Amino acid sequence: MENENRNAQNGMQLPNPHLAQMTDDNLYHFGISRTSHDLPALFGDVKFVCVGGSARRMENFAHYIGKELGVVSANERLPNLAGNSDRFVLYKAGPVLSANHGIGVPSMSVALHELLKMLFYARSRDVTFIRIGTCGGIGVPPGSVIVSNAAVNGKMEPAFETVVLAKGIHRPIIVDQELASQISSCSRTEDPFKVILGKTYCTDDFFEGQARTHGAVCDISEEDELQFVKHLNSQGVKNIEMESAGFFALCHKAGVKCSVVCVTFIDRLSTEDVTADADVLSEWTQRPQVLVARFIKKRLVISV
Ligand code: R2B
């Protein structure tokens with residue numbers, strides 16, 4: 001909390017004493033270094049960092065939010081600021097950065113570490129991180145948008161588990177309830193989708209880790225799958241994805257506000273396969289973007 005206050009007042013602070021001794025820092029996966037780029041000039045005004053798994057989705061989001069904010073014109077193409085790397089993409093539309101992070105916590109955490117340092121060197125203030133993603137749902141109509149108000153790891157614990165110096169460590173998953181409810185309250189009665197505050201189950205695998213029996217290898221039965229998905233439902237879990245535990249824990253440790261907003265592609269109580277056609281999935285994919293864009297505009301006091 002103390003770190004969070006300093007982030008708002010003095011520019012972002014990071015809990016890593018080694019950074020102060022470094023004269024350069026290569027943010028390798030974005031192809032940007034502290035000395036090759038004027039980071040304060042480029043990113044000093046950033047207020048929102050929106051991230052999601054897919055490069056194309058985050059490119060589309062950058063153009064969408066840019067138009068919504070009136071900072072990108074109809075036919076304008078934004079440059080990929082991470083063009084020196086083929087790992088992640090990075091776009092800037094006014095005070096909003098949009099980047100992809102790949103699939104799963106290991107990939108997401110590499111992107112997050114480098115984005116946090118980028119904004120630290122840029123002396124950005126009061127930055128909010130939002131993951132805009134896709135997920136499986138539990139007991140909610142496909143196409144619903146879930147704003148996480150809790151998240152648990154693959155063992156159903158409210159902690160992010162990782163390994164440092166060959167030892168397992170736990171970092172608490174802390175969800176900013178105020179931010180989650182501010183984002184979910186941007187839903188409108190006329191929206192063709194539900195926005196639901198709910199608990200997110202974060203796994204390290206898409207197949208058996210999410211109780212799917214259709215992976216290349218499998219040691220669980222269809223009965224195990226059904227029982228487990230029902231168990232998740234009974235525990236109040238509304239969606240399943242692969243990044244929230246690390247995202248919440250790392251953002252909390254770094255002292256930045258964050259939220260996770262995902263659209264469900266299926267209801268796991270009835271199926272494990274994503275079968276909706278590409279046009280439907282594309283429309284559903286835009287739903288968290290629409291909600292988050294409303295929230296950003298409200299924060300920036302732009303009429304919605
Ligand atoms: C949702 O979708 C991806 C797997 O298909 C993964 O990144 C996630 O969390």
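The values are calculated or read from the model by the stated rules, or taken from the named source; none is laboratory data. Only a predicted model underlies this, so the values are computations on that prediction, with no experimental measurement involved. We place every Cβ from the backbone using ideal geometry, glycine too, and count neighbours over all the protein chains shown. All accessible areas refer to the heavy atoms of the entire protein, side chains included, with ligands and DNA or RNA removed. Shrake-Rupley method; radii C 1.70, N 1.55, O 1.52, S 1.80 Å.
For segment 148-193, enumerate the residues that are closer than 24 Å to Phe295 by Cβ, assigned to a loop (DSSP other than H, G, I, E, B) and touching a Ser or Thr at 6+ places or on another chain (Cβ under 9 Å). Within segment 148-193, Ile173, Val175, Asp176, Phe193 meet the criteria.
Search segment 223-268 for residues being among the polar types (S, T, N, Q) and over 16 Å from the mean Cα position of the chain (by Cα), and hand back the single one that is nearest to Ala151 (Cα to Cα). It comes out as Gln235. On the stretch given as segment 153-207, residues that are under 21 Å from Val256 (Cβ atoms), surrounded by fewer than 17 Cβ atoms within 10 Å (Cβ to Cβ) and acidic (Asp, Glu) total 1.
When we screen Gly53, Gly31 for residues that are away from the ligand (no atom under 16 Å from the Cβ) and under 16 Å from Phe88 (Cβ atoms), the only hit is Gly31. The helices (runs of 4 or more DSSP H) found wholly in segment 208-304 and carrying at least 3 residues that are open to solvent by 60 Å² or more (accessible area, probe 1.4 Å) and under 23 Å from Ile196 (Cβ atoms) occupy 222-234, 278-299.
Restricted to segment 96-115, and to residues that are more than 16 Å from the ligand (Cβ to nearest atom) and open to solvent by 10 Å² or more (accessible area, probe 1.4 Å), which residue is nearest to Val175 (Cα to Cα)? Among those residues, the one meeting the criterion is His113.
Filtering Leu39, Leu90 for residues that are open to solvent by less than 20 Å² (accessible area, probe 1.4 Å), under 17 Å from the mean Cα position of the chain (by Cα) and modelled with pLDDT of 95 or more leaves a single hit, Leu90.
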